[in-house]
Structures are given as structure tokens and as C-alpha cells.
Amino acid sequence: MKDIFFLRTAKTGSSSLSHWCHLHQTYITNNMVPLDKGDNAGLKEKLAEKKYYTFTIVRNPFTRAISCWKQAMRIQWIDKDMSFKDYLEIPFHQILDPHYKTHNIPLADYLGEYVQQLDKIVKLETIQENMDQICDELNLEKTKIRHDRLGKYDKEEEYQVYNDSSIVDKIKELYAVDFETFNYSKDPDKIISS
């Protein structure tokens, strides 16, 4: 059996994969620091020394942006009354604290050169189907993915966000690399209808 390496990303449902990773003895990176730094130091060399099956998880940039904003308020990184529009004006790439930075920048920027080395990119929106595909590829027993730490979001509030064209345009700008790299639609109506 091939060893498995999960490049964990922030605000993508990666906590829901922890049980699966434990069952299948998967190496997991720390998503609170940049890849190749801190707990992740030596990642490039580790992946080069041995052929791992590597995967990550991504999320639609529209819903991820809202999740990042909600978490930033919850952990008091930003004022609990900061509007989503104001939050989107924060220059995420200039954030000094690695935890806050990794939890706000585009996923493609966080993953960097590792995107090209991945065997599979799991999408939160199709998490069970994608993880079953990995199990098929690696001849592993399929397990139901537990949904840990589900955010509680007001759908009406979310729809209001998608009805503000200036917010939609800002998300498209900030996360353009994620829309392109991970093939997500820039049409927020696709989220509302799903």
C-alpha cells in the first residue's frame, strides 16, 4: 500500500477528513503555518524521498470567504461587528500571523508549487464521492466522512451577500486564482441553486 499524505488546508472541511486520515494512517500537514515552515518544515524533501499519494481539499471561494469571515469574528481576530464587505478589504497576503494568513489567503497561493504534485484535489462540495474515488484508487475500505465542526450559517444572510455585486466582484478578484485553479464557477447563483 502506498503511503498517503494529506496537505491540509483551512476553512475547507479538512477537520471532517481527520477521522478518515486516522483510519488510513495518513500523514497530515499543519494548516496553521505555511507549507515548508514550522511543523511542515522539510515537506518538499519528504515528498521527494518517497512516492506518496498526495491529496488536498478545496472549497468554493464564495462559501470559503464567508466561512473565513465568520471564523475571524469568532476567534476575535477582527471585531465581531465588522461587515463582510470591510473584511474583504483586509490585505490578506500582508497578514503577519501565520495562522490568520493561512486561513484567509487563496488556497492556490497557500498550496503553491504543491498543486502540481497532487494526485487528487478533493472538493468539499463532493467530499464523499471524491474520498470514495481515493479509496478505489488505493484499494482502501470506503468509510462515511463525518462532518466535524460544521459552521452554522444564516442562509438568508448568505443570499444577501451574493446579491451585492460589489461583494461578489471583490470575492472574484481576491480569490481569482482559486476559481481558475480549482475550476469553480464565478456565478454565485450556482451556489444558491445547489
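Here, each number is a calculation from the coordinates, and none is a lab measurement. All figures in this text were calculated on a predicted structure; none of them were measured in a lab. Backbone-built Cβ (ideal geometry, glycine too); neighbour counts: all protein chains shown.
The stretch between K80 and Q25, if pulled fully straight at 0.36 nm per residue, gains 16.0 nm over its current Cα-Cα span. Note on the chain: along the principal axes its Cα atoms extend 49, 36, 28 Å, ordered by decreasing extent.
Convex hull volume of the Cα atoms of the stretch 15-62, normalised per residue: 105 Å³. Springs join every pair of Cα atoms under 10 Å in this Gaussian network model of the chain, and among K50, K172, K11 the largest mean-square fluctuation is at K50. Considering only S67, V168, Y87, and ranking their Cα positions along the charge dipole of the chain that arises from unit charges at the beta-carbon of Lys, Arg, Asp and Glu, the one farthest toward the positive end is S67. Subtracting the Cα-Cα distance of D39 and D136 from 0.36 nm times their residue separation leaves 31.9 nm of extension gain.
When the expected Rg is taken as 2.2 N^0.38 Å, what fraction or multiple of it is the alpha-carbon Rg of the stretch 1-99? Walk me through the numbers before you get to the answer.
Numbers: Rg = 15.8 Å, N = 99, 2.2 N^0.38 = 12.6 Å.
Here the answer is 1.25, to two decimals.
Around the amide H of Y53, modelled in the peptide plane, lie the amide H atoms of D3, I4, F5, all under 5 Å away and 5 or more residues distant in sequence or on another chain. What percentage of all Cα-Cα pairs in the stretch 84-137 are separated by more than 15 Å? Summing the P(r) tail past 15 Å for the stretch 84-137 gives 63 percent. Dipole check for the chain: with +1 at the C-beta of Lys and Arg, -1 at the C-beta of Asp and Glu, and the Cα centre as origin, the magnitude is about 480 Debye.
What number do you get for the stretch 62-158 when its Cα radius of gyration is normalised by 2.2 N^0.38 Å, N = residues?
Details: Rg = 16.4 Å, N = 97, 2.2 N^0.38 = 12.5 Å.
Output field value: 1.31.
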